[in-house]
Amino acid sequence: VENRPKYYGREFHGIISREQADEILAGVEGAYILRESQRQPGCYTLALRFGNQTLNYRLFYDGKHFVGEKRFESIHDLVTDGLITLYIETKASEYISKMTTNPIYEHIGYATLLREKVSRRLSRTKNESRKASVTSEENTPVEKITSLVRRAALTQNDNHFNYEKAHNFKVHTFRGPHWCEYCANFMWGLIAQGVRCSDCGLNVHKQCSKYVPNDCQPDLKRIKRVYCCDLTTLVKAHNTQRPMVVDSCIREIEARGLKSEGLYRVSGFTEHIEDVKMAFDRDGDKADISASIYPDINIITGALKLYFRDLPIPVITYDTYSKFIEAAKISNPDERLEAIHEVLMLLPAAHYETLRYLMIHLKKVTLHEKENFMNAENLGIVFGPTLMRPPEDSTLATLNDMRYQKLIVQILIENEDVLF
């Protein structure tokens, strides 16, 4: 064949019609060829024989071959995966449609053997270091439990900080046979057979992921850093009420910095703030931020502000941002306070608790205004854009909303005892 595309081999048959492709493939189940469209030169089609008929699929290439979502290194792998999928969906369509109707997710019998042991260990670990990892002990059966068993054990554990959290599913290719931890059925296909939660490791079919409850229990093994990590993910992984960064920094600031002039307004050295960030990422709640290591309290305040700025979802979430801005625009003070309180109730539990704790701390800062010269309005200017950002990355929107961001934080500080 002349003018053969370099990414196709001898399966390419040039410009031929559907009828010609059907003749070539007739009677050979599973056979396939590639052809160039007669009507649209430069467009390619995969002709595949399955179920005693020739199926035609528009074929694309962007460094990998694909006809749908999945991308393959070779046409052979694409066809192999396609034949598996066609066979399963043809022979078991009725069964597939019923897979999610009786899931094992909520009544997993094999979890009960390990549940009591894991719960005991989790309780002990919680008291020691506020962490909820079930994988760090050596040479115990706990190491081998699946993410599903881990979830069940944690659910059974009396955990005050068991905030609701959605799973962070990403398409995953499983090596070797794999089964869905929601419906207990086989995951078929050559690649991208299902999805895996990157926070807790739960493996399920893509269609089953729609039915899994928001009960993700992140595993510390999978949380590679503290900064830039989703707030709820971090607190659930460490089994704490708030991010340990917030607790550690505020504890240090209140111990030795409340009377420091320009607290939170004055910046510390950037490289030292980065050192604190690296310490938390590396050592977690064991990071040493004491005065002997960082005598300048502005380094600690800078590290705390950086933590809030680096959150992928701000403390005042994108979903509630516009509602807070609208509440700030209300002229009547009592109605405005009531509106802000209603929006606060919409925040995820971990975000609400973190914001509440921060406002209590900032209220303490204002009580030393004579020494630190930081009142609620000044702190609002500092923390407004730190705690809330508009959903769309628009400089104009940010500039227009800055005074309302400042006002929201100012009101939260001044009325923390009423609002929280």
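The values are calculated or read from the model by the stated rules, or taken from the named source; none is laboratory data. In this text, all values refer to a predicted model and were calculated from it rather than measured experimentally. Cβ atoms come from the backbone with ideal geometry, glycine included; neighbour counts cover every protein chain shown. Side chains included, ligands, DNA and RNA excluded: accessible areas come from the protein's heavy atoms. Shrake-Rupley method; radii C 1.70, N 1.55, O 1.52, S 1.80 Å.
Being open to solvent by 30 Å² or more (accessible area, probe 1.4 Å), touching a helix residue (DSSP H, G or I) at 6+ places or on another chain (Cβ under 7 Å) and of a type in the set (A, V, I, L, M) is the filter here; which residues of the stretch 363-386 pass it?
I381
Here is a check on your reading of the model: is R225 in contact with a helix residue (DSSP H, G or I) (Cβ under 6 Å, 6 or more places away or on another chain) and crowded, with 16+ Cβ neighbours inside 10 Å? Walk me through it before giving the result.
On the way: in contact with a helix residue (DSSP H, G or I) (Cβ under 6 Å, 6 or more places away or on another chain): yes; crowded, with 16+ Cβ neighbours inside 10 Å: no.
No; evaluated as a whole, the condition is false for this residue.
Can you name the residue in the stretch 71-85 that is of a type in the set (V, I, T) and surrounded by 16 or more Cβ atoms within 10 Å (Cβ to Cβ) and is also modelled with the lowest pLDDT among such residues?
Just the residues of the stretch 71-85 that are of a type in the set (V, I, T), to begin with: 75, 79-80, 84-85.
Filter once more, keeping what is surrounded by 16 or more Cβ atoms within 10 Å (Cβ to Cβ): 75, 79-80, 85.
On the way: I75: 95, V79: 96, T80: 94, T85: 91.
Here the residue is T85.
So which residues in the stretch 263-280 are of a type in the set (A, V, I, L, M), open to solvent by less than 30 Å² (accessible area, probe 1.4 Å) and either out of contact with any Ser or Thr (no Cβ under 9 Å at 6 or more places or on another chain) or assigned to a helix (DSSP H, G or I) (or both)? Don't jump to the end; show me each part of the working.
Looking only at the stretch 263-280, we keep the residues that are of a type in the set (A, V, I, L, M), and these are 263, 266, 273, 276, 278-279.
Cutting the leftovers down to open to solvent by less than 30 Å² (accessible area, probe 1.4 Å) gives us 263, 273, 276, 279.
Selection gives I273, V276, A279.
Does I33 satisfy the criteria of being touching an Asp or Glu at 6+ places or on another chain (Cβ under 9 Å), farther than 24 Å from M187 by Cβ, aliphatic (A, V, I, L, M) and modelled with pLDDT under 95?
Values: touching an Asp or Glu at 6+ places or on another chain (Cβ under 9 Å): yes; farther than 24 Å from M187 by Cβ: yes; aliphatic (A, V, I, L, M): yes; modelled with pLDDT under 95: no.
No: the conditions fail for I33.
Given the condition over 39 Å from the mean Cα position of the chain (by Cα) and buried (at least 16 other Cβ atoms within 10 Å of the Cβ), answer yes or no: does some residue in the stretch 38-46 qualify? Please lay out each step first, then the result.
Within the stretch 38-46, the subset over 39 Å from the mean Cα position of the chain (by Cα) is 38-42.
If we keep only those that are buried (at least 16 other Cβ atoms within 10 Å of the Cβ) as well, we get none.
No.
I need the full set of residues from the stretch 183-218 which are surrounded by 22 or more Cβ atoms within 10 Å (Cβ to Cβ) and of a type in the set (D, E, K, R), in order please.
Within the stretch 183-218, R196, D199 qualify.
Would you say V142 is at pLDDT below 90, over 17 Å from the mean Cα position of the chain (by Cα) and outside any loop (DSSP other than H, G, I, E, B)?
Details: at pLDDT below 90: yes; over 17 Å from the mean Cα position of the chain (by Cα): yes; outside any loop (DSSP other than H, G, I, E, B): yes.
Taking the combined requirement at face value, the residue satisfies it.
Return yes or no: is N157 touching a Ser or Thr at 6+ places or on another chain (Cβ under 8 Å) and at pLDDT 85 or above?
Numbers: touching a Ser or Thr at 6+ places or on another chain (Cβ under 8 Å): yes; at pLDDT 85 or above: no.
For N157, the condition - touching a Ser or Thr at 6+ places or on another chain (Cβ under 8 Å) and at pLDDT 85 or above - is not met.
So that you can scan it fast, the table gives a plain yes or no per residue for (1) within 30 Å of W179 (Cα to Cα); (2) open to solvent by less than 40 Å² (accessible area, probe 1.4 Å); (3) modelled with pLDDT under 90:
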site	(1), (2), (3)
R10	no, no, no
I15	no, no, no
E23	no, no, no
G27	no, no, yes
L48	yes, yes, no
L55	yes, yes, no
E69	yes, no, yes
Y87	yes, no, no
N102	yes, no, yes
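Checking P333 against (1) modelled with pLDDT under 95; (2) open to solvent by less than 20 Å² (accessible area, probe 1.4 Å); (3) more than 17 Å from Y227 (Cβ to Cβ), which test does it fail?
Every condition holds for P333 apart from (2).
Can you say whether I325 is in contact with a helix residue (DSSP H, G or I) (Cβ under 8 Å, 6 or more places away or on another chain), open to solvent by 50 Å² or more (accessible area, probe 1.4 Å) and either aliphatic (A, V, I, L, M) or under 28 Å from A237 (Cβ atoms) (or both), as far as the supplied structure shows?
Numbers: in contact with a helix residue (DSSP H, G or I) (Cβ under 8 Å, 6 or more places away or on another chain): yes; open to solvent by 50 Å² or more (accessible area, probe 1.4 Å): no; either aliphatic (A, V, I, L, M) or under 28 Å from A237 (Cβ atoms) (or both): yes.
Here the answer is no, as I325 does not meet what is asked.
Residue-wise test of (1) buried (at least 17 other Cβ atoms within 10 Å of the Cβ); (2) assigned by the TED database to the domain that holds E254; (3) in contact (Cβ under 8 Å) with a residue 24 or more places away in the chain; (4) of a type in the set (D, E, K, R).
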residue: R282; (1), (2), (3), (4): no, yes, no, yes
residue: K286; (1), (2), (3), (4): no, yes, no, yes
residue: T320; (1), (2), (3), (4): yes, yes, yes, no
residue: K329; (1), (2), (3), (4): no, yes, yes, yes
residue: L344; (1), (2), (3), (4): yes, yes, yes, no
residue: A349; (1), (2), (3), (4): no, yes, yes, no
residue: I360; (1), (2), (3), (4): no, yes, yes, no
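Quick check on my filter: what residues within the stretch 381-402 are assigned to a helix (DSSP H, G or I) and farther than 18 Å from Y264 by Cα?
So in the stretch 381-402, the residues assigned to a helix (DSSP H, G or I) come out as 381-387, 395-402.
Within the stretch 381-402, T395, L396, A397, T398, L399, N400, D401 qualify.
Which of the residues that make up the stretch 229-259 are open to solvent by 30 Å² or more (accessible area, probe 1.4 Å) and of a type outside the set (D, E)? Working first, answer last.
Of the residues in the stretch 229-259, the ones open to solvent by 30 Å² or more (accessible area, probe 1.4 Å) are 230, 241, 247, 251-252, 254-256, 259.
Answer for the stretch 229-259, where residues must be open to solvent by 30 Å² or more (accessible area, probe 1.4 Å) and of a type outside the set (D, E): Q241, R251, A255, R256, K259.
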